[in-house]
1. Working only within region 143-175, note down all residues that are crowded, with 24+ Cβ neighbours inside 10 Å, not in a helix (DSSP H, G or I) and not charged (D, E, K, R).
2. Search region 321-342 for residues being outside any helix (DSSP H, G or I) and in contact with a helix residue (DSSP H, G or I) (Cβ under 7 Å, 6 or more places away or on another chain), and hand back the single one that is most open to solvent (accessible area, probe 1.4 Å).
3. Only residues in region 281-305 that are farther than 15 Å from Leu335 by Cβ count as the first member; pair them with residues that are β-branched (Val, Ile, Thr) and not in a helix (DSSP H, G or I), Cβ under 9 angstrom, at least 6 apart or cross-chain, and list the lot.
4. Here is a check on your reading of the model: is Lys383 of a type in the set (D, E, K, R), open to solvent by 30 Å² or more (accessible area, probe 1.4 Å) and part of a helix (DSSP H, G or I)?
5. Taking only region 306-320 into account, find how many residues are touching a helix residue (DSSP H, G or I) at 6+ places or on another chain (Cβ under 9 Å), among the aliphatic types (A, V, I, L, M) and surrounded by fewer than 24 Cβ atoms within 10 Å (Cβ to Cβ).
6. Considering only region 286-298, I want to know if a residue exists there that is open to solvent by 10 Å² or more (accessible area, probe 1.4 Å), modelled with pLDDT of 95 or more and of a type in the set (Ser, Thr, Tyr).
7. Of all residues in region 72-98, how many are among the aliphatic types (A, V, I, L, M) and open to solvent by 30 Å² or more (accessible area, probe 1.4 Å)?
8. Need the failing condition index for Glu858 against (1) farther than 28 Å from Thr345 by Cβ; (2) at pLDDT below 95; (3) not basic (Lys, Arg), just the number.
Amino acid sequence: MDSQEVGDLLEDCLRAAAAAAPQSTQLSEAQGLNYCSCRDSLCAELASLLQEAVEMKWPFVPEKWQYKQSVSANDKTNLSDLISKHLPQLLALLKASITAQEAHSALAVVFLVDRFLYWTDESSRLLKIAKRLHRRHPDTPIAPQLVIRQARVYLNSGKLQKAEYILSSLINTSGTTGCWMYHSESARALVQAVSVQVRGLILQKLGLWLEAAELIWISLVGYYSLPQPDKKGISTSLGILANILVSMNDEDFHTFRSNPDIDFSLFWDGSHRLLSAAQAAKMAVIYSQYTSLYVLTNVATQGTCLLSYSFSVECPASQRRSFLLQAREAFAIGLLTKAEGDLVTSKQELHTFLKAAYSLTVTHKWLGTPLEVVVQATQACHKALANFYDYCLADTQDKDSQCTEIMRLVAQVKCLLRVESFPNSDKGSFIPDSYKNVMDTSANFTLGGFSKIMQRFQKYHASLCDTNNTNCRETKDEVDGTTLCITALETTNTNTECSTEACKVVKETPKAEEPQQRGSNSSHLPPQSDPSITPGSTDSLSSSWQNFSFSCSGSPRPSSSGNAGSSAIERGENMSNQSCLTTETRDDKSDSMLQSVDKNKKRNVEGYNSSISSHTLPKSVIPETSSSKARSDSKKFEVVQAGIETLGTDDEWMTEVVGVAQKPAVTEGGVQSLSQLTLTTSSSSLGDSFGSGSSWEKISSDLNSPTYVKPQQKTGTGRSSKSPDSDGSFFLLETLDSETSESSFEMLEVNQSGHQHEKEALTEKVNVSQRKNPSCYSCLNLSDVAGVVPVRQFLLSRQDYHALLAGVCHECLLKRLHSDKTQFKLKKHRIAHNALHLKFSKATGLWTARETCVYIGEPMGMEGKQRAALWVQFLHQEEMLSSYVGKDYLKPKGMQFHLKDVERQMTAQYYVTEFNKSLYEKEVMAQIFFIPSEALLILNGDEIVGCVTVEPYMLGDFVKLTNNTGKKNRSFQATEYGLAFGHFTFLFSDEQEVVVDLQGWVTADGKGLTYLTDPQIHSTRTPKGPFNFADRGLQYFREEQHGPECNEICQLLKLRPLPTQLYVPPQKH
């Protein structure tokens, strides 16, 4: 059954659910007979499973081998094979059950087919059917598996706030959802274990490796503590843990390994982080050896661990080849999980096949396979990734042909690299006999012990549920006053209600939140802008996004779930007291609009071959906004923007406060009152992070305005040239003159008042520390790298690869890649490249690379003053099913600018993690996160020809809380936490740094979870620059943004008062 047929049948079921008659309506005899006929046509095995689902026998549909120590031949089949074979009959029964008003039977069918349809990227429609059935038949139970599926879909589409709320609700209520009845406490424990596991995935996506690993360990305890350990759950958690350990820094690994609550000897000796990860992945393979997708996923992780370890500083040179051979075996096992001609219908499975094929190619390169073979295999991977990108955007009817072409190219790689079958004495297994000699260590975990662990998190999850009040009013029963309704999963400030009595959670909303919740121009939100601000000026105090035009904005690229943001926005609509129907309708319209947008985008993306700076999406891409669509989507994705601009330099700030700029002056040192801040709305939450301050400032709409100054021309000769082996996708801007390197910074950093930052440019030179980093490859091998001068600076030698793959410190990396003469600018889109995926750890000060393949997608139609956003897909992204955003400078920039962007955001993440610990110790459950930022060094052969920074795509209400001088937006409680965070950072860094320019996605007015991006840091530790005001920046924060008086968060944390004068640390000799 192909994808088009499945899609058509689901649409039929969705229409039937929407058109279902009221329960009081008399059914026709034909409807009843049709239902009975469809039910009786099921095979005995499916009929038995359906009856058990109706009886709520288990919260998750089990595999036969999942809970058995000894597996027989009959147990080595998978539920997906059974569902796939009988899917037409099951969907026919689903439609018949809906029309016959047999809700228990209909939801049981949804339950049975849920996992299969998730892997075929059809969860969105299936969940819509479940929601409509629940609304029509509120007393019919919904399986916990479906509720958690909604959380997974939200996670994949970037709605982390909603996923967090669902999971916290299940954890807090021991799995209670609607009127679902549990037959045992172990079933509740299973639901909690799965919920903790998925929350670990959220923290993994946020780059919080240590915290994510701890949650995944807890889920392992839960799975092992069941009367019969859950082998599928154990396998999944082990695979996730392996991936986390790959990304984790060694300092966090030591903390994790030293945790007395974690028994490392259970699985591995813990001698090295990457070897522990490889062992965890191998055990995951063994536990799930009868399911091809799980085997593929886990051996790809195992191979990645072994490949990475082979380049680590700790790997003995004599053993490097041995580990490369083990990595090659692992990738080959994964590629053999499907035979030629087998259809693959899962986005994750396709992505993992590509990752395994490319990684195998890289492994062969390092093993010395002839270059021409490696090049051919690499080209096949590039073509397959381009097809995969189109597959993710394709209509249902096009997916099968795209999938066939992708797997043909994967088969080509297998042929080129001579992947051969392995000895396997077990027909039902997908792994070789050599893997089956790992002894399974028994674990002494109990349900009581798991329950005690879960109680540690009880207060946090209860608090998160309280800050995200979601009401549902459609069933008559109530369980402990708090239940979770699948149709009312809102986590924004909107007060969404469903009429389910069983899910009713009625709490009085604080008055301070009401105006935001209603989406109206209420009294506490400023109705007008500051009259002193010149419209369109780039150095005004208004928001740097305020005048940014979104008329050309692209719509978010859909994830596999189909749940992405809407671009229909209309202000002033009363969104309070919404019903369950409204909640779902908004989701439906969001999905349908996005599908329409992306069809148009697919037709128009072929022309993206010029410089990003000239890109805007065609008008045909923009969905028409009807009043009904605007009403249904406005609050959900409304962007509330404070009129706060991030300034480019302290000189620019000074021209404002002393009245030099050509506009009315602002009182020196004065902070605008709340009534002077400008609030606007925009059609895209993401777009505002690109249009916001720091490196994402707005473009001046009027080039003739008095604030626009044409950049001054440099003396000297400049030329644009391609790299010798370039395919034209990138160009390098060479500045050929005899001037000092500072001049190139002058050219790049001209502020809007025409002042060049000579002082900042002078101090921006790389300052390499004389101290060695004990984990840095270059620091440890100074004798090998000293005196080695590359033919071209960005042409990587074998030594460079070893250094980057092993890990180099920030100073050594900047020393190697810093250039004032060579600058990069992305030129083409919709093209695949080899790349080095660079991650930075503030804790260790190391950058670590992995070789990957990246597809540069189309621009998102969002440009700031300095950077533009574009879709990217790369094989080693942390979340395979999630969308990622790339950011590239509009004008050619030196490599150091990209690297410093990542370093700054990951430094902020390091600080905020410590801040969150302080909050938690004081029983404050609000948490702040900085989403992780990484760099992709684009390669042409062995030469770096470009760079983009990447981060996960997020959806939600986007707000700007503070800028990088003295401004702050008091409309949100999150701002108080932000100011306390700045205070904490200042003290934690010995009064040398402060994180400012806070902007991102806020839930529950900031009392819940806040996700931030694109911060700025004022620091006296690093050279002063265009956005680092150093001493003056610290002064702005102390005297104006934070002010002399501490807020209640500062007082609760008992932070000592900010000093009136800066502390000068003693010089280190």
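The values are calculated or read from the model by the stated rules, or taken from the named source; none is laboratory data. Everything quoted here is computed from the prediction, not taken from an experiment. Quick reminder, even Gly has a Cβ in these numbers, built from the backbone with ideal geometry, and neighbours come from all protein chains shown. Quick note on the areas: whole protein, heavy atoms, side chains included, nothing else; ligands and nucleic acids left out. Shrake-Rupley method; radii C 1.70, N 1.55, O 1.52, S 1.80 Å.
1. Ala143, Gly158, Gly175
2. Looking at the filtered set, the residue picked out is Glu340.
3. Taking only residues 6 or more apart or on different chains, the pairs are Lys282/Val438; Met283/Val438; Ile286/Ile431; Ile286/Val438; Gln289/Ile431; Tyr290/Val71; Tyr290/Thr77.
4. Answer is yes for this residue.
5. Residues flagged as touching a helix residue (DSSP H, G or I) at 6+ places or on another chain (Cβ under 9 Å), among the aliphatic types (A, V, I, L, M) and surrounded by fewer than 24 Cβ atoms within 10 Å (Cβ to Cβ) within region 306-320 amount to 1.
6. For region 286-298, residues open to solvent by 10 Å² or more (accessible area, probe 1.4 Å), modelled with pLDDT of 95 or more and of a type in the set (Ser, Thr, Tyr): present.
7. 2
8. Going through the list (1) farther than 28 Å from Thr345 by Cβ; (2) at pLDDT below 95; (3) not basic (Lys, Arg), Glu858 breaks only (1).
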